[in-house]
1. Give the span of the chain's Cα atoms along each principal axis, as three whole-Å numbers ordered largest to smallest.
2. Rounded, prolate or oblate: which fits the stretch 110-247, taking a ≥ b ≥ c as square roots of the Cα gyration tensor eigenvalues, rounded meaning a/c under 1.5, else prolate when a/b beats b/c?
3. Need one number for the stretch 269-317: average projected area of the convex hull over its C-alpha atoms, nm².
4. Put +1 on the Cβ of every Lys and Arg and -1 on every Asp and Glu Cβ in the chain; which of Pro112, Phe39, Gln163 then has its Cα farthest towards the positive end of the dipole?
5. Helix 112-201 sits at what angle to the longest principal axis of the chain, using alpha carbons and giving 0 to 90 degrees rounded to 10?
6. Sort the stretch 55-129 into rounded, prolate or oblate with this rule: let a ≥ b ≥ c be the square roots of the eigenvalues of the Cα gyration tensor; rounded if a/c is under 1.5, and if a/c is not under 1.5, prolate when a/b is larger than b/c, oblate otherwise.
7. At a 1.4 Å probe radius, carbon and sulfur cover how many percent of the accessible area of the chain?
8. What's the angle, to the nearest 10 degrees (0 to 90), between helix 14-26's Cα axis and the longest principal axis of the chain?
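The values are calculated or read from the model by the stated rules, or taken from the named source; none is laboratory data. Model, not experiment: these values are computed from the prediction. Quick reminder, even Gly has a Cβ in these numbers, built from the backbone with ideal geometry, and neighbours come from all protein chains shown. When the accessible area is computed, the model is the full protein with side chains, heavy atoms only, and any ligands, DNA or RNA have been set aside. Shrake-Rupley method; radii C 1.70, N 1.55, O 1.52, S 1.80 Å.
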Amino acid sequence: MEETLKVLVVDDDEVDRMAVHRALTKANVQVQLSEARSFSEALTLLEDEVFDCAFLDYQLPELDGLILVQEVRKQGIRVPLVVLTGQGDEQIAVELMKAGATDYLAKSRVTPERLEQVLRSAIRVYRAEVQVAIANQQLRETNELLLRKNQELEAQRQQIQLQNLKLLEASRLKSQFLATMSHELRTPLNAIIGFSQLLLRRSKGVLSAQQVDMIERILNNGKHLLELLNDILDLSKIESGRLEVKPETFNLGQVVGATVEELRSLADEKHLSIELSINLDDPQVYSDPHRLRQVLVNLLSNAIKFTDRGEITIDVRTKAPGWVVITVRDTGIGIAPEKVRQIFEPFRQLDQTTTRRYAGTGLGLAITDSLVRMMHGNITVESKLGEGSVFRVELPQQLPPTDRATTAKAFSLSRSDVL
């Protein structure tokens with residue numbers, strides 16, 4: 001069903017009003033027609049009602065159509081305005097369009113077809129303009145919203161940046177404090193260890209068995225404290241980027257074998273068997289033997305510490321051309337699945353309680369992870385609770401020549417290579 005259009009005809013001449021009505025009727029346009037004879041009457045109707053279009057006579061008794069168009073637009077009335085005039089002056093048409101008229105038509109050219117065409121074109125243009133105005137308003141509102149959001153985000157970014165600077169400064173001060181305290185504590189500890197060793201060497205026939213036992217306890221606890229301090233010192237160096245990898249050519253099998261033999265006594269104390277298998281195409285490696293030994297000591301010490309019975313196996317073999325893999329397998333307590341991803345975080349321990357069974361700072365694996373990455377390697381772990389764990393360290397046989405003094409990188413708290 002065709003839409004019924006509300007149309008206003010403003011003309012002081014009744015004949016002209018009827019002509020417009022007849023033309024629209026003859027064109028089969030469904031209209032609800034309203035009429036106004038003067039400027040003031042037309043303005044009142046336009047203010048009170050909503051029309052789809054208004055035809056205005058250019059020559060009105062009070063004021064001309066140009067002023068009416070200007071006043072309608074000044075009042076903010078949104079309606080298509082088509083001006084009808086007996087004059088064909090193009091300059092008048094230009095002025096009308098500038099004032100806000102939608103179209104201009106000479107009365108001599110009013111025919112049903114022409115009037116219908118002008119009417120529908122004016123309505124179509126007006127509705128398009130309304131949609132554009134709505135879209136522009138929505139766009140302005142969106143832009144204002146985005147501007148506010150951007151301002152909020154910028155304020156948040158500045159706040160985050162300020163917090164980051166504070167955190168960096170706090171981290172720097174913490175690392176500096178740890179390094180200073182580690183150095184300060186190492187001096188008296190080295191004295192305690194040295195004097196304990198001296199007393200033990202000279203204790204024959206001088207000290208009783210009980211006194212010797214007490215000195216040995218002092219020595220062992222001093223060494224344990226020194227290991228903890230060394231871990232804290234390494235952590236502070238890693239966080240500050242001062243820990244270096246100094247590569248050299250060495251025999252990987254010999255370094256691994258010597259490290260295993262060094263820790264074998266700890267396994268013997270717990271009646272654990274420790275097996276070493278080396279299968280290398282080329283045992284010569286260009287890396288840092290001291291850092292590699294530190295990695296092995298951490299992994300083997302953990303394996304021994306967390307294993308009460310069974311065995312520990314170390315397998316060293318060529319993985320692919322230019323790469324070696326060191327596997328440390330134990331039959332210990334294992335790691336719960338929800339805690340596997342946490343073991344490489346600094347100060348993270350499986351048992352965080354003060355009554356925990358296994359001592360330590362929780363830095364060993366975090367330091368190991370960083371050392372392996374400094375040597376361009378990768379460390380992964382597989383574990384089952386109650387069955388044991390398998391740590392694999394993959395390393396290149398040759399560090400890049402530019403890495404003769406590679407500094408440590410920051411810890412990564414989220415690891416995707418933990419199985």
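1. 142, 45, 43
2. On the way: a/c = 7.54, a/b = 6.74, b/c = 1.12.
Note, shape of the stretch 110-247 comes out prolate.
3. Working: hull surface 15.7 nm².
Reported value for the Cα convex hull: 3.9 nm².
4. Of the options given, the answer is Gln163.
5. Around 10 degrees separate the two axes.
6. Values: a/c = 1.76, a/b = 1.05, b/c = 1.68.
Oblate is the answer for the stretch 55-129, as a/c is 1.5 or above yet b/c matches or exceeds a/b.
7. Values: 12620 of 23800 Å².
Roughly 53 percent of what the probe reaches on the chain is carbon or sulfur.
8. 60
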